[in-house]
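A.B. asks: To start, I am sharing the structure in question, which I have written as structure tokens.
The values are calculated or read from the model by the stated rules, or taken from the named source; none is laboratory data. This is a predicted model, so every value here is computed, not measured. Here the Cβ positions follow ideal geometry from the backbone for every residue, glycine too, while neighbour counts run over all protein chains shown. When the accessible area is computed, the model is the full protein with side chains, heavy atoms only, and any ligands, DNA or RNA have been set aside. Shrake-Rupley method; radii C 1.70, N 1.55, O 1.52, S 1.80 Å.
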Amino acid sequence: MDSHFFGAYGRWREDGRPPIFRPGPHERPALLALHGVARRLGAVISEAGPGAAAGLSRRGELALLLAGVRHVTLAGDATLRSWEPADLRPEEIRGLLTGAVGSVLAAAVERDGEAALTHTRNIELMVDCHPAAMAHP
């Protein structure tokens, strides 16, 4: 995996972990689905405890997270722009999500449940753009 993605992801965290899409009044099913999958994986990691990160691949939620990120990162530039990115170019969005999911995978391989949970929650924050997010500054 390109270390550039991890660098962009690191800078995003240093910048306060802002959503990468603007909240909007219309639904964006792919982003809502990815948000839900990240939330579910975070719950699974929390329930399993910090030592159970290595078993995530057997549970299926990790595969769903990968599929959700893949769906968003393979979307065309026009589609990504139609989802109202927060001053990011499509390639920057792809890089951030790729870096974040790569970090989740690395944490799972290293059996670091705490890091896996942190990176999973970061993906959740990245794509939190449904209308309820507008009420939270």
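A.B. asks: When you scan region 28-42, how many residues do you find that are open to solvent by 30 Å² or more (accessible area, probe 1.4 Å) and either out of contact with any Gly (no Cβ under 8 Å at 6 or more places or on another chain) or under 11 Å from Asp128 (Cβ atoms) (or both)?
C.D. replies: 5
A.B. asks: Can you name the residue in region 58-97 that is surrounded by 20 or more Cβ atoms within 10 Å (Cβ to Cβ) and among the small types (Gly, Ala, Ser) and, of all such residues, is nearest to Arg13 (Cα to Cα)?
C.D. replies: Gly95
A.B. asks: Okay, next question. Among Ala107, Ala100, Ala115, which is the only one that is open to solvent by less than 60 Å² (accessible area, probe 1.4 Å), closer than 15 Å to Tyr9 by Cβ and touching an Asp or Glu at 6+ places or on another chain (Cβ under 9 Å)?
C.D. replies: Answer to the selection: Ala107.
A.B. asks: Here is a further query. Under 8 Å between Cβ atoms, which residue pairs at least 6 apart in sequence (or on different chains) link something in region 68-90 that is within 19 Å of Leu125 (Cα to Cα) with a partner that is polar (S, T, N, Q)?
C.D. replies: Every condition considered, the pairs that remain are Val69/Thr98; Thr73/Thr98.
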